[in-house]
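Data first, discussion second: the structure below is written as structure tokens.
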């Protein structure tokens with residue numbers, strides 16, 4: 001009787017462990033009919049390329065972006081999970097806006113209440129190395145070295161999706177322009193405006 005109990009207990013434990021090992025984002029390649037991990041960019045002013053890797057220990061969203069407009073940029077993220085998983089985001093962003101950035105703010109909203117994993121964020125290189133968690137759904141990257149026009153910024157952070165089943169949320173990203181650059185652009189616009197008025 002004891003042998004049967006031990007065998008049954010081991011069978012239950014093995015089943016539980018294998019279920020835990022397979023839990024996370026549901027891959028439609030392995031589970032036909034599952035909703036794929038998707039990123040949509042409704043504003044579409046900037047250039048975005050992305051790829052989601054299901055097949056590593058921590059699933060990873062890799063994003064390559066060219067930001068030409070200094071404005072709030074939205075990414076609608078959706079998919080399906082079989083537990084509340086964590087995934088890593090690695091963003092490489094090129095500044096082509098003509099304006100230096102002194103900080104970069106990321107925030108999460110809507111849907112399933114996704115949050116940033118505290119302590120997981122970092123910036124590559126020597127740009128915007130200071131990471132400030134404003135709250136569990138907002139991070140600000142800042143620092144002494146601004147991201148100049150034409151330069152790249154690489155950010156890495158983890159997001160927890162606290163749901164089982166279908167999920168969706170919005171990742172909002174906003175480069176913050178250097179005040180001196182904005183002042184020069186404003187002054188240039190004013191000069192052009194006055195010249196047009198003088199010609200009229």
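The values are calculated or read from the model by the stated rules, or taken from the named source; none is laboratory data. Nothing here was measured: the structure is a model prediction, and the numbers come from that model. Here the Cβ positions follow ideal geometry from the backbone for every residue, glycine too, while neighbour counts run over all protein chains shown.
Data for the structure
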{"read-out": "Positions within region 152-169 being closer than 16 Å to residue 65 by Cβ and either modelled with pLDDT under 95 or buried (at least 16 other Cβ atoms within 10 Å of the Cβ) (or both), in sequence order", "value": "153, 155, 157"}
{"read-out": "Members of region 170-198 that are modelled with pLDDT of 65 or more and more than 30 Å from residue 112 (Cβ to Cβ)", "value": "177, 178, 179"}
{"read-out": "Total residues in region 51-73, condition farther than 23 Å from residue 176 by Cα and buried (at least 17 other Cβ atoms within 10 Å of the Cβ)", "value": "5"}
{"read-out": "Set 116, 69, 41: member being over 25 Å from residue 143 (Cα atoms) and touching a residue at least 24 places away in the same chain (Cβ under 8 Å)", "value": "41"}
